[in-house]
Amino acid sequence: MQRARFSWIETLLWTALFVCIATFPVEAAKKCYDCHTRSKAEFNSKKSVHAPVKSENCESCHKRHGFANQLILTANSNDLCFTCHADLKEKYSVGNVHFPVSDANCWECHDPHASDKKALLRQGKEEADDPNSCLACHANDVPKAGTATHKHAPYEKLDCTTCH
């Protein structure tokens, strides 16, 4: 009789505990910026912020990493960029394709999070920075073009994309 009463009380207590736990609101998984606060501040301080970053939709490009603290992209090539920028895939697959694109590395020239330059272009080295970030890789081409007798106007303005 004593054991039966204890079992009944025990069942009642476990049921009450289960009901209490079940009625608590379930907290959603942590958002990326809950931990990456410095990144959020850095990105939002830039003139141009990539739309998924601005809308805090990190998982459009990244997989959750949990405690692994390892960057995991949903794809490791330009296919990641072309999931949203499909209109550019055809444009950059014909003719003379810029080597970062042909090597499947859009992020060589474009910062995938934020930038102070248009089109999320990366900042070049201080002495080799230009509006289109071309000199970050093509700085060695500048002295050759600069020795020409007739100066090319777009070259003088470092406006490489006028012709290229």
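The values are calculated or read from the model by the stated rules, or taken from the named source; none is laboratory data. Only a predicted model underlies this, so the values are computations on that prediction, with no experimental measurement involved. Methodologically, a virtual Cβ is constructed for each residue, glycine included, from the backbone with ideal geometry; neighbour enumeration extends over all protein chains shown. All accessible areas refer to the heavy atoms of the entire protein, side chains included, with ligands and DNA or RNA removed. Shrake-Rupley method; radii C 1.70, N 1.55, O 1.52, S 1.80 Å.
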Looking at region 101-162, what helices (runs of 4 or more DSSP H) fall wholly within it and have at least 1 residues that are open to solvent by less than 60 Å² (accessible area, probe 1.4 Å) and modelled with pLDDT under 75?
-> 141-146
Could you figure out which of (1) modelled with pLDDT under 90; (2) farther than 24 Å from Gln123 by Cα; (3) not small (Gly, Ala, Ser) isn't true of Thr74?
-> (1)
Return only the number of the condition from (1) of a type in the set (A, V, I, L, M); (2) in a loop (DSSP other than H, G, I, E, B); (3) open to solvent by less than 50 Å² (accessible area, probe 1.4 Å) that Val53 does not satisfy.
-> (2)
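Return yes when Ser45 is within 30 Å of His138 (Cβ to Cβ), open to solvent by 70 Å² or more (accessible area, probe 1.4 Å) and modelled with pLDDT of 85 or more and no when it is not.
Details: within 30 Å of His138 (Cβ to Cβ): yes; open to solvent by 70 Å² or more (accessible area, probe 1.4 Å): yes; modelled with pLDDT of 85 or more: yes.
Taking the combined requirement at face value, the residue satisfies it.
Taking Lys63 as the residue in question, decide whether it is open to solvent by 70 Å² or more (accessible area, probe 1.4 Å) and within 24 Å of Lys40 (Cα to Cα).
Considered against the rule, which asks whether it is open to solvent by 70 Å² or more (accessible area, probe 1.4 Å) and within 24 Å of Lys40 (Cα to Cα), Lys63 comes out as yes.
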Condition met for Ala86 (without any contact (Cβ under 8 Å) to a residue 24 or more places away in the chain, farther than 28 Å from Thr161 by Cα, open to solvent by less than 70 Å² (accessible area, probe 1.4 Å) and not β-branched (Val, Ile, Thr)) | no
Residue satisfying condition, being open to solvent by 70 Å² or more (accessible area, probe 1.4 Å), in a loop (DSSP other than H, G, I, E, B) and closer than 27 Å to Glu56 by Cα, within set Asn96, Asn76 = Asn76
